[in-house]
Amino acid sequence: MESGRFINFLGKLGVAFYVGVPDSQLKSFINQLVVTLGINTEKHIIAANEGNAVAIAAGYHLATGEVACVYLQNSGLGNIFNPATSLISRRVYSIPCVFVIGWRGKPGVPDEPQHVHQGQITQETLKLLDIDQFIISEHTKETEIEEQLERFQDRLRSGASIAFIVDKGGLSSDASPDYKNHYSARRENIIEGIVRHAQGDLIVATTGKTSRELFEIRERNNQPHDCDFLTVGSMGHCSSVALGIALNIRKKRVWCIDGDGAALMHMGAMTSIGACAPSNLVHILINNEAHESVGGQPTLASRIDFCTIAKGCNYASIESAGSIEELETILQKLDHMIGPVFIEVKTAIGSRHSLGRPTISPIENKKEFMQRIRMTSKCGH
C-alpha cells in the first residue's frame with residue numbers, strides 16, 4: 001500500500017499527529033511523514049524511545065481529545081509495555097492510540113537472531129495489551145483496510161487502541177528525504193582507531209552497524225572476536241552492559257562503543273555510570289545525529305550537548321572529537337585520564353554498501369567473550 005494513501009486512511013480515523021521511533025520496515029512511511037509534516041513539529045515528533053512516544057501521544061489526547069499515531073519497530077514493544085498497561089489502558093485512563101508497528105522476525109521469515117523471539121510473540125503481546133490488530137502485507141489491498149474503518153472507529157471511541165502490523169513491503173513511498181550532517185569522519189574508521197588502542201581490552205558495542213563494523217574489522221585484521229561483546233539487540237543498553245562488566249573486572253579496561261540514538265533511548269544509564277564511577281570504563285559515543293541503521297532519520301542529538309550531560313552525570317574525564325585525528329590525540333593520553341571517561345566523536349552518516357553481518361551466533365559470541373574474561377581473571381591482567 002502506498003504510504004500517502006495509508007496516511008490519508010489514518011486521517012479518517014481522526015489521526016493528525018504522529019510520534020515514534022524509526023524502523024527499517026516503516027522507512028517509506030516515515031519518509032512520507034517527514035516530507036509531508038517535517039520533523040519535531042506540532043504534527044510529527046521523532047521520540048527518544050517508544051515509551052516516551054506513547055506518553056507524548058497520551059498528552060496530545062488529553063490536550064485535544066484527538067487520537068495520535070505511534071510508530072515503532074516491534075522490538076520497541078517492551079518499551080511501551082508500562083505506559084500501555086498503566087497509562088493508556090482502558091482499565092486506567094482509557095486513552096486511545098493508533099499504533100503502526102514494523103514486524104521484524106515474523107515467523108517463517110528469515111531474520112537476524114535478535115528479532116526472532118520478538119517476532120514470534122508480537123501478536124500475542126498486542127493481545128495481552130488489549131490492542132486490536134490488522135496486518136498489512138505487500139498483498140494487502142486498500143479496500144481490505146477501508147472495510148475495517150467502522151470497526152476501528154468503534155474501537156477508538158471506546159477508549160481502546162488499535163495496531164497496524166506492517167510486514168516487509170507492506171508500505172511503499174517515493175519520498176526520499178536527504179538525511180545528512182556536515183561531519184566527515186567515518187564511523188568504521190573511528191572504530192578501527194579504537195581497536196588499535198584497545199589492544200586486548202574488552203569492548204562492548206551497541207546494536208546496528210557499529211557491531212557489524214567492529215566484527216568485520218576483526219575479520220580484516222585476522223583477530224579473534226573474544227574481546228568483543230556485540231549487543232546486537234537491546235538498543236540503548238550497551239553502556240549498562242559495559243558498566244556491569246567494568247565493576248566486576250577492575251583490572252581490565254572496558255570500552256563501550258555507543259551511538260547517539262541508543263544513548264538517547266536510555267540516557268538514564270549515564271547517571272549510573274557516573275554514580276558507580278568505574279575508573280576502567282571508557283564510554284565512546286559515536287554521534288552521527290541519525291538513526292542510520294533503520295533509514296538515516298535524525299535523532300535529537302544535534303540539539304543537545306552530550307559532554308555537558310556527561311559532566312552533569314559525574315563522569316571524571318570528558319572529551320570531544322570532530323575528526324579521526326582529534327580522537328587519536330585523545331586516545332594517546334588515555335592512560336593519564338581518570339575514569340569513567342566519556343568521549344563524543346562526531347561522524348558522518350553512511351557505511352560501506354558491502355557491510356556484512358556477524359557470522360557467529362549471539363550464543364557463540366557470549367561464550368567466547370566469557371571465556372576471555374575467565375582467562376583474564378585467571379592470569380590477573
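Data for the structure
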| read-out | value |
| --- | --- |
| Yes/no for VAL294 being over 16 Å from ALA205 (Cα atoms), among the β-branched types (Val, Ile, Thr) and surrounded by 17 or more Cβ atoms within 10 Å (Cβ to Cβ) | yes |
| Qualifying residue in region 89-101 (condition: part of a helix (DSSP H, G or I), assigned by TED's automatic domain parsing to the domain that holds ARG151 and in contact with a strand residue (DSSP E or B) (Cβ under 7 Å, 6 or more places away or on another chain)) | no |
| Residue that is nearest to the chain's Cα centre (by Cα) [pool: residues in region 332-365 that are under 30 Å from HIS117 (Cβ atoms) and outside any loop (DSSP other than H, G, I, E, B)] | PRO362 |
| Qualifying positions in region 249-277 - surrounded by fewer than 24 Cβ atoms within 10 Å (Cβ to Cβ), at pLDDT 95 or above and either part of a loop (DSSP other than H, G, I, E, B) or of a type in the set (D, E, K, R) (or both) | ARG253, HIS266, MET267, GLY268, ALA277 |
| Region 297-326: number of residues that are without any contact (Cβ under 8 Å) to a residue 60 or more places away in the chain, surrounded by fewer than 17 Cβ atoms within 10 Å (Cβ to Cβ) and assigned to a helix (DSSP H, G or I) | 7 |
| Residue among ALA321, ALA301 that is more than 25 Å from SER234 (Cα to Cα) and not assigned by TED's automatic domain parsing to the domain that holds HIS115 | ALA321 |
| Some residue of region 231-242 being more than 24 Å from LEU72 (Cβ to Cβ), under 22 Å from the mean Cα position of the chain (by Cα), of a type outside the set (Asp, Glu) and part of a strand (DSSP E or B) | no |
| Failed condition for ILE145, given (1) in contact (Cβ under 8 Å) with a residue 60 or more places away in the chain; (2) among the β-branched types (Val, Ile, Thr); (3) farther than 21 Å from ASN74 by Cβ; (4) not assigned by TED's automatic domain parsing to the domain that holds ASN280 | (3) |
| Region 217-243 residues that are at pLDDT below 95, paired with ones that are part of a loop (DSSP other than H, G, I, E, B) and among the charged types (D, E, K, R) (beta carbon under 7 Å, 6 or more apart) | VAL232/GLU112 |
| Failed item, numbered, when ALA57 is tested on (1) within 22 Å of GLN133 (Cα to Cα); (2) buried (at least 20 other Cβ atoms within 10 Å of the Cβ); (3) touching a helix residue (DSSP H, G or I) at 6+ places or on another chain (Cβ under 8 Å); (4) not β-branched (Val, Ile, Thr) | (3) |
| Yes/no for HIS283 being in the same structural domain as ARG374 (by TED's automatic domain parsing), touching a strand residue (DSSP E or B) at 6+ places or on another chain (Cβ under 9 Å), assigned to a strand (DSSP E or B) and not hydrophobic (A, V, I, L, M, F, W, C) | yes |
| Residue check for ALA63: surrounded by fewer than 21 Cβ atoms within 10 Å (Cβ to Cβ), part of a helix (DSSP H, G or I) and not polar (S, T, N, Q) | yes |
| Neighbours by Cβ (under 7 Å, 6+ apart or cross-chain): first from region 348-376, touching a residue at least 40 places away in the same chain (Cβ under 8 Å); second small (Gly, Ala, Ser) and assigned to a loop (DSSP other than H, G, I, E, B) | ALA348/SER184; ALA348/ALA185; ILE349/GLY296 |
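The values are calculated or read from the model by the stated rules, or taken from the named source; none is laboratory data. What you see is a predicted model, and the numbers here were worked out from it, not measured in a lab. Note that we place each Cβ from the backbone using ideal geometry, even for glycine, and neighbour counts take in every protein chain shown.
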